[in-house]
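Taking it in order: structure first as C-alpha cells, then the write-up.
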Amino acid sequence: MKEALSSMIKLDKKYDVIIVGAGVAGLNCALNLPPEKKVLVICKDTPDKSDSYLAQGGICRLPADSDYDSYFNDTMRAGHYENNPASVDAMIRGSQEIIDDLIALGVDFARNADGSLAYTKEGGHSRPRICFHEDTTGREITTHLMSAARAHSNIFIVPCVTMLDIICDGSRCYGIVAKDGKNGRLYRLYADYTVLASGGIGGIFENSTNFRVLTGDAVAVCLQHGIAVDHINYIQIHPTTLYSKKKGRRFLISESVRGEGAVLLDKHFKRFTDELKPRDIVTAAIREQMAKDGTDHVWLDMRPIPGDEILSHFPDIVRHCLNEGYDVLRECIPVVPAQHYFMGGIRSDVRGATTMPGLYAVGETCCNGVHGKNRLASNSLLESLLFAKRAAQDIGAGYTPIDIAAAAAAEGALDLSKYSNPSRLLKEYKQMLRAAIDAENSRTLKENA
Ligand SMILES: Cc1cc2nc3c(=O)[nH]c(=O)nc-3n(C[C@H](O)[C@H](O)[C@H](O)COP(=O)(O)OP(=O)(O)OC[C@H]3O[C@@H](n4cnc5c(N)ncnc54)[C@H](O)[C@@H]3O)c2cc1C
C-alpha cells in the first residue's frame, strides 16, 4: 500500500506534480494527470478528514440539454449575478462527463425503477438535477476516487504532512515547504507543477460544518506571496445545522431534506419562510426569526416527508439525530445557521491556473467565479471535480519542467527560521486570513454606505 505512515516515508526531493490536498479536487487532479508523471498528494491529517467525505446532498448534473438555461439561471441567481458566466458554462457543460467518470469508477448513484439516474432537489434549484447516494454522496465519491488513486503506481498519497509554504521566486513556483506531522521533519520539495487543493476555511470559525483542520493555509500562503486572491469575504452560512451546545464541528442537515418537503418552524411551530430559497436568503430569514423569538435555534420538521423515504434517503441524518436524542420520524429537530463554504479564494482561471506560473488552485480553496456571491446547492463537488480535471489536462498539455538551478536558488533564499514552529506559523496564517476577511468586509461596508 502506497499510503503508508508518513513517519516511515522519506519523501523524494523532486516530483513532477505535487498536490496539496486529498479531497475530491486533489484526487481527481491526480487521476487525470499523464500516467507517466510522478505525483505526490499530501494531506494535513488522515485522508478521510476532508470535507469531500462529508458532502450529503449530492452533485449536480445537467439532466437534459433543455435544462441548460434553467440550470445556468439558477446558478447565476443564487450567486447574485456576480458569477463568471464562462466558468458557469464550463461547469454545466462538463457535468455529464464528470458523472460518467464517477460511474465508471464504480460510484453508485440512486436510480429510478427503469435504471435511469434519480435526481433530488435543493434550495435555489427550479427542478430536480442532483445525483445522490443516500445522504452520504461525498463519502461514496471520495472513497472511489481514493481507491482509484491508490491503484495508480505513479500516485503517492502521504497523510499528516502539512504544506507550510511554497518555494518560488518572482517568476515561478518550484514546489513546497512541508512539515511531517509524525516525525517533525521539514521537507523542501521540488515539483514542475504545484496544485493547491486544500479546501475551505471553516477551521478559522467557531461554528462550522467543516473539519477543524481546514484553515485556509493555501490562501494565506498566496496572500503572503502576492498571488491574487478574490472575494475573500464571500463566505456561505448554511441555514440548517443541528443545534448543539457541544464544542466542535457542526452537523449539517442537508438542504435536500427541505427539497424533499421538510419545513422550518418558529417557536410556536408555525412556518415562517419559503424553505427553498437560496441559502443566504433562508439563513437571513432564520436569523430574523431567532431574533424575534429570542431563541438560539428554529425547528425543522422532517415529518412531511414519508417515513420510508426518510429512512432510505437520509439514513445518516436519522442515525446522527438519534445519537443526539432526536427521532426525526416523530419530532422536530432544532437547527441553526453555521459557516459552511468559501466562495472566495485563490484566483484561478478556467484551466485552474493562478497568477503565478507553475501554480494551480482547484476545489474550494480557489475562486474561479462559478459561485459568485453565494453557492447554489450541490454545485461544489461538481465544480471541484471538473476544474481539477481541467487543471490536470492543462498541465499535461503544456508540460514544462522547472529549471533546477532556479529552484535551488529560490530554496536558498528561504528564511528557514520561519518554519521552526509550525503550529505558531499556522496560527499566524489563521490570523492573517481573519484580518483579510475583516478588512474586506469593512471596505465593502464603507463602499455601500
Ligand atoms: C457537511 C458538508 C456537506 C456538504 N455537502 C455538499 C453537497 O451535498 N454537495 C456539494 O456539492 N458540496 C457539498 N459540500 C461542499 C463540498 O464537500 C466541498 O466544497 C468540497 O468537497 C471541497 O473539496 P476539496 O477537494 O476542494 O476540499 P476538501 O475535500 O476539504 O479537501 C481538502 C484537503 O486539503 C488538505 N489540506 C488542507 N490544508 C493543507 C495543508 N496546509 N497541507 C496539506 N494538506 C492540506 C486537507 O487535509 C484535505 O485533504 C459540503 C460540505 C460540508 C462541510
Item to check | Flag if residue 298 is crowded, with 19+ Cβ neighbours inside 10 Å, closer than 22 Å to residue 130 by Cβ, among the β-branched types (Val, Ile, Thr) and in contact (Cβ under 8 Å) with a residue 24 or more places away in the chain | outcome: no
Item to check | Some residue of the stretch 415-434 being surrounded by 12 or more Cβ atoms within 10 Å (Cβ to Cβ), among the charged types (D, E, K, R), closer than 26 Å to residue 124 by Cβ and assigned by TED's automatic domain parsing to the domain that holds residue 217 | outcome: no
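Could you list, in sequence order, all residues of the stretch 158-176 that are touching a residue at least 12 places away in the same chain (Cβ under 8 Å) and either surrounded by fewer than 21 Cβ atoms within 10 Å (Cβ to Cβ) or within 10 Å of the ligand (Cβ to nearest atom) (or both)?
Step one: list which residues in the stretch 158-176 are touching a residue at least 12 places away in the same chain (Cβ under 8 Å), which gives 158-169, 171-176.
Within the stretch 158-176, 158, 159, 160, 161, 162, 163, 164, 165, 169, 171, 172, 176 qualify.
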Item to check | Members of the stretch 15-52 that are touching a strand residue (DSSP E or B) at 6+ places or on another chain (Cβ under 7 Å), more than 8 Å from the ligand (Cβ to nearest atom) and part of a loop (DSSP other than H, G, I, E, B) | outcome: 33, 37, 38
Item to check | Selection count where residues are part of a loop (DSSP other than H, G, I, E, B), over 27 Å from residue 241 (Cβ atoms) and within 13 Å of the ligand (Cβ to nearest atom), scope the stretch 331-383 | outcome: 2
Checklist entry - Just a yes or no: is a residue in the stretch 143-156 in contact with a Cys (Cβ under 8 Å, 6 or more places away or on another chain) and more than 21 Å from residue 402 (Cα to Cα)? => result no
Checklist outcome for this item: Condition set without any contact (Cβ under 8 Å) to a residue 40 or more places away in the chain and among the acidic types (Asp, Glu), scope the stretch 53-96, selection nearest to the ligand (Cβ to nearest atom): answer is 89
Next on the checklist: I need the full set of residues from the stretch 270-295 which are outside any loop (DSSP other than H, G, I, E, B) and in contact (Cβ under 8 Å) with a residue 60 or more places away in the chain, in order please.
Outcome noted: 279, 280, 282
Checklist entry - Within the bounds of the stretch 308-327, is there any residue that is small (Gly, Ala, Ser), free of Cβ contacts under 8 Å to residues at least 60 places away in the same chain and either assigned by TED's automatic domain parsing to the domain that holds residue 18 or within 24 Å of residue 203 (Cα to Cα) (or both)? => result no
Item to check | Tally, over the stretch 229-263, of residues that are crowded, with 22+ Cβ neighbours inside 10 Å and over 28 Å from residue 204 (Cβ atoms) | outcome: 2
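Residue-by-condition table, conditions (1) within 21 Å of residue 79 (Cβ to Cβ); (2) touching a strand residue (DSSP E or B) at 6+ places or on another chain (Cβ under 9 Å):
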{"site": "258", "(1), (2)": "yes, yes"}
{"site": "265", "(1), (2)": "no, yes"}
{"site": "268", "(1), (2)": "no, no"}
{"site": "272", "(1), (2)": "no, yes"}
{"site": "277", "(1), (2)": "yes, no"}
{"site": "283", "(1), (2)": "yes, yes"}
{"site": "287", "(1), (2)": "yes, yes"}
{"site": "291", "(1), (2)": "no, no"}
{"site": "298", "(1), (2)": "no, yes"}
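I need the full set of residues from the stretch 7-39 which are more than 20 Å from the chain's Cα centre (by Cα) and within 11 Å of residue 159 (Cα to Cα), in order please. Before you say what the answer is, go through the steps one by one.
As a first pass, look at the stretch 7-39 and keep what is more than 20 Å from the chain's Cα centre (by Cα): 7-17, 33-39.
7, 9 - these are the residues of the stretch 7-39 that are more than 20 Å from the chain's Cα centre (by Cα) and within 11 Å of residue 159 (Cα to Cα).
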Next on the checklist: Checking residue 126 against (1) touching an Asp or Glu at 6+ places or on another chain (Cβ under 6 Å); (2) surrounded by fewer than 15 Cβ atoms within 10 Å (Cβ to Cβ); (3) within 24 Å of residue 200 (Cβ to Cβ): exactly one of these is not met. Which one?
Outcome noted: (3)
Item to check | Candidate set: the stretch 43-66, residues that are over 23 Å from residue 368 (Cα atoms) and charged (D, E, K, R); chosen: the one surrounded by the fewest Cβ atoms within 10 Å (Cβ to Cβ) | outcome: 65
Checklist entry - Could you give every pair whose Cβ atoms fall below 6 Å, whose first residue belongs to the stretch 206-233 and is basic (Lys, Arg), and whose second residue is within 12 Å of the ligand (Cβ to nearest atom) and not in a loop (DSSP other than H, G, I, E, B), counting only separations of at least 6 or pairs across chains? => result 212/203
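The values are calculated or read from the model by the stated rules, or taken from the named source; none is laboratory data. None of the values given here were measured: they were computed from a predicted structure. For neighbour counting, all protein chains shown are included, and Cβ atoms are generated from backbone atoms with ideal geometry for every residue, glycine included.
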